[in-house]
Amino acid sequence: MRARFIRLAAKKALELKVLQREAERDGAYRVARRIHAVLLSDQQHTSGEIATVLQAPRSKVSLWLGQYESYGWEALLEGHRSGRPQELTPARLSELDGLIDSGPIAYGFSSGVWTSPMITRVIEEEFKVHYHPGHVRKVLKALGFSVQRPRRLLAKGDPAEQDRWQRYTYPRLKKNG
């Protein structure tokens, strides 16, 4: 099978080089890589050689070149990424936000602090959607909530006594245990 090369007019090659630099500057490295593949094809490099230079599968390089030939440089841009559809709609997320703001005691929990497993349970009960507690953290971050870590010091304890215990008593207990 003979290699197929893309032939670019000088003006078009220059335009693509400018687009490649803009993509790199904007952080769209995958787009820049696809444009680079087209420019290398114009320089008579085979798809196998381009794949080696760009460290990409040859099948992807062939796909990029075919898309460029069929649809132009716009086909090299980032498109819609498929994936699992979002189970909680924006309206439901807003409702969840309100539930979380009201607090865990208002929902019926005995603790005054939300945890991921508690919110997972709320989502299952209210919306009939099962999420892993690890994913719930991502949902909460998207809603603008932040992780709160408990402090290891007693709020009303004597700081000097706590420091002494941490430095001397606790290490001795560890050695003897």
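Tabulated data for the structure shown
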item	result
Rough spin-label spacing in nm, given labels placed 7 Å along Cα→Cβ, for Arg2 and Arg172	9.0
Sites matching trypsin sites (Lys or Arg not before Pro) across region 89-177 that sit in DSSP coil, with at most 15 neighbouring C-beta atoms within 10 Å	Lys128, Arg151, Arg152, Lys156
Between helix 116-127 and the chain: long-axis angle, C-alpha atoms, 0 to 90°, nearest 10	70
Neighbourhood net charge (12 Å Cβ-Cβ; Lys/Arg +1, Asp/Glu -1) for Lys60	+4
FRET efficiency estimate (nearest 0.05) - Cβ-Cβ, Thr46 to Lys141, R0 41 angstrom	0.35
About the Cα centre, charge dipole magnitude for the chain (Lys/Arg +1, Asp/Glu -1 at Cβ), debye	880
Options (1) 1.28; (2) 1.55; (3) 0.96 - which one matches Rg/Rh (Cα atoms, Kirkwood Rh) as calculated here	(1)
Carbon and sulfur %, accessible surface of the chain computed with the full protein complex present, 1.4 Å	53
Using θ = phi - 60° and Karplus 6.51 cos²θ - 1.76 cosθ + 1.60, couplings along region 91-100 (whole Hz; Gly, Pro as x)	5, 5, 5, 5, 5, 4, 4, x, 5, 5
Estimated vicinal HN-Hα couplings, Hz - region 131-148 in sequence order (Karplus 6.51, -1.76, 1.60; Gly, Pro = x)	10, 6, x, x, 6, 4, 4, 5, 4, 5, 5, 5, 7, x, 7, 10, 6, 10
Tilt relative to the chain, helix 58-71 - C-alpha long axis, 0 to 90 degrees, to 10	70
Arg58 paired with Glu126, simple spin-label distance in nm, labels 7 Å along Cα-to-beta-carbon	5.5
Farthest positive-ward along the chain dipole, Cα basis, beta-carbon charges - from Leu143, Ala91, Val113	Val113
27 Å Cα cut-off, lysine pairs counted over the chain (separation 8 or more, or different chains)	6
Relative contact order for the chain, counting Cα pairs under 8 Å that sit 6 or more residues apart, in percent	12
Probe 1.4 Å, accessible area per residue of region 42-170, Å²	75
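The values are calculated or read from the model by the stated rules, or taken from the named source; none is laboratory data. Note that the coordinates shown come from a computational prediction; the quantities given were computed from them, not determined experimentally. Here Cβ is always computed from backbone atoms with ideal geometry, including for glycine, and neighbour counts include all displayed protein chains. What goes into the accessible areas is simple: the full protein's heavy atoms, side chains included, and nothing from ligands, DNA or RNA. Shrake-Rupley method; radii C 1.70, N 1.55, O 1.52, S 1.80 Å.
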